[in-house]
Amino acid sequence: MTQTAADASQSVQTNPKQSQDRRWRSVNRTIRLNGNQPDALIETLHAVQESFGYIDLDAMQYVARELTVPLSRVYAVATFYHYFTLKPPGDHTCVVCMGTACYIGGSTAILDSIHEGFGISPGETTPDGKVSLLTARCLGSCGLAPAAVFDGEVAGKLDAATVVEKIARWADHDSES
Amino acid sequence: MTLSLEELQQIARIEKDRREGFQHRIKICVAAGCLSCQSATLKEAMEKEVSRRGMENWVDVKGVGCLGLCTAGPLVFVEPDGILYQGVKVSDAGPIIESLGAEPIDALHCSTDLPFFARQHKVVLENCGRIDPERIEDYIAEGGYYALYQALRNMTPREVIQEITRGGLRGRGGAGYPTGLKWTTVAKAVNATKYVICNADEGDPGAFMDRSVLESDPHRVLEGMAIAAYAVGAAQGFIYVRAEYPLAVKRLRTAIAHAERLGVLGNGIFNTRFRFDVRVRLGAGAFVCGEETALMASIEGRLGKPRPRPPYPAEYGLWGCPTLINNVETFANVAPIIRNGGAWFAGIGTETSKGTKVFALAGRVNHTGLIEVPMGTMLRDIVFEIGGGIPRGGRFKAVQTGGPSGGCIPEQYLDMPVDYESLAEAGSIMGSGGMIIMDESSCMVDVAKFFMEFCMSESCGKCVPCRVGTTQLYHLLCKITSGAAQPSDLDKIEELCDLVKNTALCGLGQTAPNPVMSTLHYFRDEYTAHIEDKVCPAKACKMQPAKEVV
Amino acid sequence: MTAADAFSRKKSNTEARSVRILTFKIDDRDVSAREDETILAVARQNNIYIPTLCHLDGLSERGACRLCIVEIKGSPKLVPACVTRGREGIEVITNSERIADYRRKILELIFTERNHVCSVCVSNGHCELQQLAVNLGMTHVHYDYLYPRLAIDASHERFSLDHDRCVLCLRCVRVCDEIEGAHTWDVMKRGINSRVITDLNQPWGSSSTCTGCGKCVQVCPTGALSEKGKSVAEMVKRRQFLPYLQLMRGVDRE
Ligand SMILES: Cc1cc2nc3c(=O)[nH]c(=O)nc-3n(C[C@H](O)[C@H](O)[C@H](O)COP(=O)(O)O)c2cc1C
Ligand code: FES
Ligand code: FES
């Protein structure tokens, strides 16, 4: 199984339950708080994604065992809900809103120009792993349409040129920023 | 620890005194809209500026919820002077503080006499932009949790429901089901365990009312839920919030913790035997989870796929127990109704649609943001008075209400009152309150295609008509917008719309054809222009065969 | 167990020990039924045909294929017979022009969704989908085929899975969970991208939970799940075990 963070794969091989890794401890806390109940599946997957940035097969296996949920059900839930991702994200993420207000405000043009400039479509990451492009169904900032989220920060009243410029800055910089 | 009325009143008094102690109170909007214009940095700058001048004791700087006019953010409101500033930059912090008590700064001044403010009637949003959502004392100072006290100590559950029924409140989540009736059914159900759920999934893209309420005044929703729980006999509540609203989640969690600490949630509230706990559950990006049976499945940690009803949640809901499920805005109306009486509430609005409704104005309109108006307000007033009309001298074309389940309302209906029945007659629905205004630059076929794509990718995939029908419809609409369609494709579209509407399992499928049917009804000529002349009248679609013409 | 089942059982426990008997009409015939029986069950007892696909005696109901829709006089809403219970005095119509038309179109949609090429299918001649097309008089498909590109999973030593023939009735998911108790199957993704999967979407042959019982294969209405090495003539599904197992487990069902 491919994994980006080397220490993550290590902590998987050692038992995540005893892992001292802060990320696993946060997942385990969620599981414990919910009394290892199967109905905490979605909460737990949220915790995994928050800790690791994505949900891989090892994590799913672990969650299935801890919550006594069938494997196929974990996979089904992780793929049914679009908020979850099974792929590691790039160093930076840009989420373009494709809600109605933003759509009327021209978010399609933004996506088109990102595709032109960086060759990525929604759900994809640039080959160097620096920038991931995602779309959202309304960020709730419709008053400022079109809106997008750059590494967790919402920005509104965007146009294609500004967005491309922002992403270009990420792509040029070393992964430090 | 339980709270007594005296203690509640004392908290309110102390808070009010604290406020009086300040000569000026600067309120900076820190709801989602203004936050994305860096209002958090502005607040910091303002605080620094105040302390640099040693004015902490007579100038209060606080973050508040949405002030409504999101286009003009960041917004700053100065009390008691009553001055609203718009588009405030960090560099404006100093000058604003300097101007306190003197003439307001003209360049930033935004008149509150604008119809945008003057025409509104605030019930649900009465505290939005006035109180600090992270301080329970602020809410209590505005009369918060007094309605809960009244309900628990002076009313029987039946009387509470009667009051809600008298107010004529109808569900704000879309369908407009009478709230009193729903509560009665759950109250009647015989079971030791019952649940109350607040539906804060707000999946309609282009709507952000629930978000603003949760971010600006979370205690109001908690109080409404607690009153509802008392009325129907539940002890456990859940709030199902979309994960895309991290700020709302954070503020809700803070609010719950504060309410528990104070004793307005938890055991023996106000020295009664009533007990009520609330937990937050996160959605995970599925529109269909706004549908009540799917939402409950999701709370149970399962796939959010609707199941056939009956049985309704009121009889067989969360974990098989009778469950009351209402929208955020519905709960937000509860406390004012108990405080002021059902008759007061019934005095607002129209014969069949009582009270006010919050709308999220967006799209091609000058003043985008959040508004609250009495039911029955004319559509024209909303778009042209409150919304300030179409920007850049554009021409109004249609307003979309109800999101993917709604329809587009054309110009000839501008003089229609906005209530449940009138909207349905015009081929749309009230929905949750998203209002997207479109001008001539929007192609109605393209808009229909946009919504169909939405429904297709949000369809849970359980029933055939929705899963395959929306896909087929989407492909047909793509054919039209690319200039590859034949006249017979329009028949197929109408046929499929009828099929999906009548045979799909849940509300998502049953309403998915609405945007197509309403645009076909009012803008059929646009469809035929695409099909027969291979042109897009709004010049929005890239028509392949028409290329040589351009 | 579906919500509806548990609901009906709970009701019968609390309200009336003795189940009430209702009388109503199906296609102008007077029928009597227990109040916890579905319209479909009553129709079948009276030899009235209602087409079904996702329903299978012995499994929980899903109400998902919508082929069993019927009309109730005086109500504009169509209801699925497999999950709707009768009510005193109603008049059910199972075969109006309107319903027949809807059913045919729904069936057409199913045919367009995947690549159902009967001539090369192992279930040719014993396929419920084929039979439905005959019964409902579906002569041609007038919507565009979607032609998804799907794979075959032949990794299991005895069985194979062909997504091209899958109609997402989820009988396999239900039988595996409700009868075998393995829950090897589930559906991944959503909408038109839904696919049945085993475990963590891994090859069936490498599934750690599959007991190899083959119940999923027996309940599959089409050739999506089949036994390897069987000729077309032999690929008949055997489902007698279902009512039998239900009986053994003491579940009171039709
Ligand atoms: C596809 C679909 C999506 C829905 N989304 C929401 C939603 O986001 N928020 C909401 O409050 N109700 C939503 N509803 C309506 C709920 O099912 C339910 O009717 C509502 O929460 C009841 O509350 P109310 O009576 O207060 O309106 C949705 C319904 C459907 C069919
Ligand atoms: S539509 Fe983009 S933020 Fe709502
Ligand atoms: S058999 Fe009733 S919906 Fe499928």
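The values are calculated or read from the model by the stated rules, or taken from the named source; none is laboratory data. Quantities reported herein were computed from a predicted structural model and do not represent experimental measurements. Positions of Cβ are backbone-derived with ideal geometry, glycine not excepted, and every protein chain shown enters the neighbour counts. Heads up: the accessible areas ignore ligands, DNA and RNA and are worked out on the full protein's heavy atoms, side chains in. Shrake-Rupley method; radii C 1.70, N 1.55, O 1.52, S 1.80 Å.
The equivalent ellipsoid of region A:61-159 has semi-axes of 30, 17, 11 Å, largest first, where each one is the square root of 5 times an eigenvalue of the Cα gyration tensor.
With a ≥ b ≥ c taken as the square roots of the eigenvalues of the C-alpha gyration tensor of chain C, please select rounded if a/c is under 1.5 and otherwise prolate if a/b is larger than b/c or oblate if it is not? Oblate. Among the listed pairs B:LYS182/B:LYS354; B:LYS397/B:LYS501; A:LYS166/B:LYS250, those with a Cα-Cα distance over 19 Å are B:LYS397/B:LYS501; A:LYS166/B:LYS250. When DSSP beta bridges are restricted to pairs lying wholly in the protein assembly as shown, around 60% turn out antiparallel. Over chain B, what is the percentage of antiparallel beta bridges among all DSSP beta bridges, to the nearest 5? DSSP beta bridges in chain B are roughly 50 percent antiparallel.
Under the criterion of Cα pairs below 8 Å and six or more residues apart, the relative contact order for chain C equals 17 percent. Within the same chain, aspartates and glutamates fewer than 8 places from B:LYS492 are excluded, and of the rest, those with a Cα less than 15 Å from its Cα are C:ASP101, C:GLU108, C:ASP144. Of the peptides C:195-204, A:140-149, the ranking by mean beta-carbon count within 10 Å, highest at the top, reads A:140-149, C:195-204. When you restrict to C-alpha pairs under 8 Å that are six or more residues apart and normalise by the size of region B:351-439, the relative contact order lands at 35 percent.
Per-residue shielding of B:313-320, expressed as the average number of other chain Cβ atoms within 10 Å of the residue Cβ, stands at 2. Size of region B:385-530: Rg and Dmax of its alpha carbons, in Å, are 15.1, 46.
Sparsely packed loop sites in region C:43-145 (the trypsin sites (Lys or Arg not before Pro) outside DSSP H, G, I, E and B with at most 14 other Cβ atoms within 10 Å) comprise C:LYS73, C:LYS77, C:ARG87. On full extension, the segment bounded by C:ARG239 and C:CYS118 gains 41.3 nm, given 0.36 nm per residue less the C-alpha separation. Once Rg and the Kirkwood radius are both taken over the C-alpha atoms of region C:68-130, their ratio Rg/Rh works out to 1.12. Within the straight-line cut-off of under 17 Å between alpha carbons, the lysines reachable from B:LYS534 are B:LYS449, B:LYS479, B:LYS542, B:LYS547, sequence neighbours fewer than 8 places apart in one chain being disregarded.
Max-minus-min Cα coordinates of region B:154-282 on each principal axis give 38, 36, 24 Å, with the largest extent listed first.
How charged is the neighbourhood of B:THR350? Take every other residue with its Cβ under 13 Å from the Cβ of B:THR350, and add Lys/Arg as +1 and Asp/Glu as -1. Net of charged neighbours comes to 0.
Here's how it looks for C:LEU225: its modeled amide H is under 5 Å from those of C:ASP162, which are all 5 or more places away or on a different chain. Among the cysteines of chain A, those with no neighbouring cysteine Cβ under 4.7 Å are A:CYS94, A:CYS138, A:CYS142.
The calculated P(r) of chain B, using every Cα pair and 10 Å bins from 0, goes 4, 17, 26, 25, 17, 8, 2, 0 in percent. Here region B:1-26 and region B:340-410 have alpha carbon centers that stand 35 Å from each other. Each residue of region B:143-149 was assigned a 3J(HN,Hα) from its phi angle through the Karplus expression (A = 6.51, B = -1.76, C = 1.60, θ = phi - 60°), giving x, x, 6, 6, 5, 5, 4 Hz with x at Gly and Pro. Total lysine pairs in region B:5-116 at Cα distances under 12 Å, for residues eight or more apart or on different chains: 4.
If you count Lys pairs in chain C whose Cα atoms are under 28 Å apart, skipping same-chain pairs closer than 8 places in sequence, the total is 18. Taking every DSSP helix (H) stretch of at least 4 residues in the protein assembly as shown, weighting each as -39,500 (n - 2.57) and dividing the sum by the residue count yields a mean residue ellipticity at 222 nm of -11000 deg cm²/dmol.
Database remark: amide H of B:ILE197 closer than 5 angstrom to the amide H of B:PHE238, B:LEU324, B:ILE325, B:ASN326 (H placed geometrically; neighbours at sequence offset of 5 or more, or on other chains; Pro and chain starts carry no H). Cα centroids of region B:505-520 and region C:24-96: 26 Å apart.
Across region B:163-177, computed HN-Hα scalar couplings (Karplus, 6.51 cos²θ - 1.76 cosθ + 1.60, θ = phi - 60°) run 5, 5, 5, 4, x, x, 5, 10, x, 9, x, x, 7, x, 6 Hz from first to last residue, x flagging Gly and Pro. Across peptide A:148-156, the mean count of Cβ atoms from other chains lying within 10 Å of each residue's own Cβ comes to 3. Stokes-Einstein, applied to the Kirkwood radius of region B:360-431 over Cα pairs at a viscosity of 1.002 mPa s and 20 °C, places its translational diffusion at 175 µm² s⁻¹. Divided by 2.2 N^0.38 Å, where N counts the residues, the Cα radius of gyration of the protein assembly as shown comes to 0.96. Residues in region B:418-429 carry Karplus couplings, in order, of 8, 8, 4, 6, 5, 5, 5, 4, 7, x, 10, 9 Hz; the curve used is 6.51 cos²θ - 1.76 cosθ + 1.60 with θ = phi - 60°, and Gly or Pro positions show x.
Of the peptides B:533-539, B:12-18, C:51-57, B:212-218, the order by per-residue mean of other Cβ atoms within 10 Å, starting with the highest, comes out as B:212-218, C:51-57, B:533-539, B:12-18. Summed over the residues of region B:444-533 and divided among them, the accessible surface reaches 26 Å² per residue at a probe radius of 1.4 Å.
Residues whose amide H comes within less than 5 Å of that of B:VAL61, counting only those at least five positions distant or on another chain, are B:ILE26 (H built at 1.01 Å from N in the peptide plane). Across peptide C:162-173, the mean count of Cβ atoms from other chains lying within 10 Å of each residue's own Cβ comes to 1. Dividing the C-alpha radius of gyration of region B:444-533 by 2.2 N^0.38 Å, with N its residue count, gives 0.99. At the listed q of 0.23, 0.24 Å⁻¹, the Debye profile of region B:132-181, built from one uniform point per Cα, gives log10 I(q)/I(0) equal to -0.87, -0.87.
Bridgeable aspartates and glutamates around B:LYS539 (alpha carbons under 16 Å apart, same-chain partners fewer than 8 residues away excluded): B:ASP439, B:GLU440, B:ASP446, B:ASP525, B:GLU526, B:GLU548.
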